[in-house]
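What follows is a single structure, written as structure tokens, with notes after it.
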């Protein structure tokens, strides 16, 4: 069930803080399939440490989850984000129009 406060969180994570555009790209990739940090860094052309930082922010805010251990960790979008996907899509469409 969608969270009525989700839009506020999503606006903050993707538009109200530095690095939001990279977080959007990470989520868009994870909506297609799971990735590990190295795969995300390669796909986005970003530094491994930058991806780790964004992953930490997304995990802390319950937007992604992990499966596996150490170097075999794969990241997926969370059930919370799946339930609020409509809000996410609405927000990124407004951000990209800017």
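Numerical summary
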quantity	calculated
Single match in 6, 41 (criterion: in contact with a helix residue (DSSP H, G or I) (Cβ under 6 Å, 6 or more places away or on another chain), buried (at least 16 other Cβ atoms within 10 Å of the Cβ) and modelled with pLDDT under 95)	6
Odd one out for residue 53, checked against (1) over 10 Å from the mean Cα position of the chain (by Cα); (2) assigned to a loop (DSSP other than H, G, I, E, B); (3) at pLDDT 95 or above	(2)
Subset of the stretch 44-56 (residues that are under 20 Å from residue 80 (Cα atoms), out of contact with any strand residue (DSSP E or B) (no Cβ under 7 Å at 6 or more places or on another chain) and crowded, with 17+ Cβ neighbours inside 10 Å)	54
Subset of the stretch 62-74 [within 17 Å of residue 24 (Cα to Cα) and either in contact with a helix residue (DSSP H, G or I) (Cβ under 6 Å, 6 or more places away or on another chain) or assigned to a loop (DSSP other than H, G, I, E, B) (or both)]	62, 63, 64
Residue match in the stretch 77-87 (condition: surrounded by fewer than 17 Cβ atoms within 10 Å (Cβ to Cβ), without any contact (Cβ under 8 Å) to a residue 24 or more places away in the chain, more than 14 Å from the chain's Cα centre (by Cα) and in a helix (DSSP H, G or I))	no
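The values are calculated or read from the model by the stated rules, or taken from the named source; none is laboratory data. All values reported here derive from a predicted model rather than from experimental measurement. In this analysis, Cβ positions are derived from the backbone assuming ideal geometry, glycine residues included, and neighbour counts consider all displayed protein chains.
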